[in-house]
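The structure appears right after this line, and notes come after that.
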Amino acid sequence: MYSVSNLSVVFTGHFLFDSISFLINPSDRIGLVGDNGSGKTTLLKLIAGEMNPESGEIIIPSDKKIGYLPQEIKFVSQLSVIEETKKAFDELNILAEEIESLNQKLTEREDYTSPEYMKLVDKLSHATEHYHILGGENKEANTEKILKGLGFVQQDFNRPLAEFSGGWRMRVEIAKLLLKKPDILLLDEPVNHLDIESIQWLEDFLKTYPGAVLLVAHDRTFLDTVCSRTIEISKGKVYDYKMSYSKYVIERQERMVSEQSALSNQQKDIQQIERFIERFRYKATKSKQVKSKQKELDRMDKIVVDKIDKSAINFSFQEAPPSGKIVVETKMLNKSFADNNVLKDLDFVALRGEKIAFLGKNGMGKSTLAKIIVKELDYSGELKIGFNVSVGYYAQNQTDMLDPNKTVFETIDDVATGEIRKRIRDILGSFLFSGEDIEKYVKVLSGGEKSRLALAKMLLEPYNLLVLDEPTNHLDLKSKDILKNALLQFTGSIIIVSHDRDFLSGLTTKVIEFRKAETKTILGDVNEFLLKRKMEKLSDLNLNSSESNTNKSKGISQNKLDYQQRKEQEKSKRKIQTQLNRLEVEIDDLETTIAQMDQKLAEPDAHSDISNTQFFKEYENLKKQLQEKMDEWEGVALLLDD
């Protein structure tokens, strides 16, 4: 068990943490949540030993190892991917040398019963056991397994790491951390650098990880899948919930309602006692009762209701200017980096008003095509931007493009023109920059604050095509909801690169999947895409199974099936198809209802009913029903395939 006890940190004259305490159990899966700037990253740094608190202590036994993944790592290794990853085995290699040395010493001795000999045997036994726990026998296989799980292919292993982007280099850091098998894993936004398939792999890995996991993530699905405990940081305090994120949202709302009710009742009692004291204070016959009431008042534990910070970015994009029907079109477009052909003979069309998601593994060309569309990369082939199309672009590294030596106000003021200059403070205020915040230098802003500032710059001009590359990185959950709602209301076209399943759900009308210089179009949103990908994998398994069975049963003719058997098969098929159609209608109805509730959650001030506990219970119940119907649909669809 690990302990955080009475921890206090002061930042810019205010308590970031005020005497916070909690325990971490050896197998905990904890999601750390809170608004941008609430101190999540700071808390991880404190536990990792990279910062010291003003007061309090963090107790980690000396024999326990901590593994910490920060949000950003700026370094370039000269080693290959596999060589850099194997640096995780420095401790294992030392152990292996120690084991070899101990074995050598034992073979040279003949005093088999002496205390010194037995000490060497014990030492060897301990070192061998430790080597086994760290996976020494399987380190090659584990390295390959983890690198492939994080999206690398075999051909990447011997490529210099310097050839890869910062996101891929971060994946190597994740791989090194997982291979070291620390007792506590501290992960600060690990999914920012992963595609959907790698996120799903990491979810499965962390669920069975033998140590404790404490992570920061702004991905609801990831939090719900991995974490069974949620710690909220709010106004310098921590609130510990022994449940997943979705359940915590409901429980927090119920706690607030309950506390408010208890506070109201206590206030009534206090007023009643105070009235009695005031009325009979100077009556000698009532002096005993007055003293008794005063003692009762003094002994009373005053209920304090924590005020939940409801601030969140609040904005909407400007009305999209009219444009032609086709906003982007490519024909036979190609793009290569050295010998790596990323896009090959690409024909792509985006129409006015379409909301399109680019999905697929990293390195398959999603960001490359986005950069080509905004004319940041050259290419061969044909690219046409439609009539009167104005493009707003949010790059994956947009925050790196901000001048660190400018203030928040200067960042916007330097690019604003015309009437918009009069609204700079209003725009910054809608992105939670007010008062002294607008005079902060960019270099001292958190990752989330930089993201908000970069988004604010996009409001300075009206666009009818938004090209957004990972816009939710570093945004807190409330801010992501507001951004999603703004995009849902946006009247222009959207091309969005994102791996956030919850954010994309219900947002887009089309998915373009990127696969090895090829693309595939799926109508619908990320849920349809994931369902198709799951079905394709299952179909592959069924195909392999069918081929195997065919080889075993060669020569058995289909003509031997008599008429009655075929008739029964057709009857069963019609029955399954009817069931499938019914489920699809039910799923569609549930998704529509959930999407409507999502919009309410994105605009809490406009919908009073979401403060009702029943709303959140119904919301969770609908999501549970949807998952059950999806699982049922999958099973029925497999029956139909068979």
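The values are calculated or read from the model by the stated rules, or taken from the named source; none is laboratory data. Only a predicted model underlies this, so the values are computations on that prediction, with no experimental measurement involved. Cβ sites come from the backbone with ideal geometry, for glycine too, and all protein chains shown count toward neighbours. Accessible surface is based on the protein model in full, side chains and every heavy atom, while ligands, DNA and RNA are left aside. Shrake-Rupley method; radii C 1.70, N 1.55, O 1.52, S 1.80 Å.
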Residue hits (the range 511-531; assigned to a strand (DSSP E or B), surrounded by 18 or more Cβ atoms within 10 Å (Cβ to Cβ) and not aliphatic (A, V, I, L, M)) are Glu513, Phe514, Thr519
Among residues of the range 248-258 being open to solvent by less than 50 Å² (accessible area, probe 1.4 Å) and modelled with pLDDT of 80 or more, the residue nearest to Ser505 (Cα to Cα) is Val249
Pairing a residue in the range 327-348 that is among the polar types (S, T, N, Q) with any residue that is at pLDDT 90 or above and in a loop (DSSP other than H, G, I, E, B), where Cβ atoms lie under 9 Å and the two sit 6 or more apart in sequence or on different chains, gives Thr330/Tyr379; Asn334/Tyr379
Matching residues in the range 349-368 (touching a residue at least 40 places away in the same chain (Cβ under 8 Å) and hydroxyl-bearing (Ser, Thr, Tyr)) number 1
Residue hits (the range 411-427; assigned to a helix (DSSP H, G or I) and either open to solvent by 80 Å² or more (accessible area, probe 1.4 Å) or over 16 Å from Thr399 (Cβ atoms) (or both)) are Asp413, Gly418, Glu419, Ile420, Arg421, Lys422, Arg423, Ile424, Arg425, Asp426, Ile427
Only one of (1) crowded, with 18+ Cβ neighbours inside 10 Å; (2) out of contact with any strand residue (DSSP E or B) (no Cβ under 9 Å at 6 or more places or on another chain); (3) not in a loop (DSSP other than H, G, I, E, B) does not apply to Ile30, and that is (2)
Against the definition (of a type outside the set (Val, Ile, Thr), open to solvent by 100 Å² or more (accessible area, probe 1.4 Å) and over 28 Å from Pro160 (Cα atoms)), how does Lys123 come out, yes or no? yes
Among residues of the range 33-63 being among the aliphatic types (A, V, I, L, M) and outside any strand (DSSP E or B), the residue surrounded by the most Cβ atoms within 10 Å (Cβ to Cβ) is Leu43
Selection over the range 145-204 where residues are among the aliphatic types (A, V, I, L, M), assigned to a helix (DSSP H, G or I) and open to solvent by 40 Å² or more (accessible area, probe 1.4 Å) yields a count of 1
Residue set Gly429, Gly447, Gly492; condition without any contact (Cβ under 8 Å) to a residue 12 or more places away in the chain and either out of contact with any His (no Cβ under 9 Å at 6 or more places or on another chain) or among the small types (Gly, Ala, Ser) (or both); output residue Gly429
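Would you say Glu439 is touching a strand residue (DSSP E or B) at 6+ places or on another chain (Cβ under 9 Å) and among the charged types (D, E, K, R)? Quick ask: steps written out before the conclusion?
Values: touching a strand residue (DSSP E or B) at 6+ places or on another chain (Cβ under 9 Å): yes; among the charged types (D, E, K, R): yes.
Yes.
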Scanning the range 69-112 for residues that are open to solvent by 80 Å² or more (accessible area, probe 1.4 Å) and among the polar types (S, T, N, Q) gives Gln78, Gln104, Thr107
For the range 259-296, the count of residues that are open to solvent by less than 80 Å² (accessible area, probe 1.4 Å), within 56 Å of the chain's Cα centre (by Cα) and at pLDDT below 75 equals 1
Flagged in the range 1-27 as in contact (Cβ under 8 Å) with a residue 40 or more places away in the chain and assigned to a loop (DSSP other than H, G, I, E, B), in numbering order, are Asn25, Pro26, Ser27
*asked:* Among the residues in the range 441-457, are any in a loop (DSSP other than H, G, I, E, B), more than 20 Å from the chain's Cα centre (by Cα), surrounded by fewer than 18 Cβ atoms within 10 Å (Cβ to Cβ) and at pLDDT 80 or above?
replied: no
For the range 205-247, the count of residues that are open to solvent by 20 Å² or more (accessible area, probe 1.4 Å), of a type outside the set (Asp, Glu) and in a helix (DSSP H, G or I) equals 7
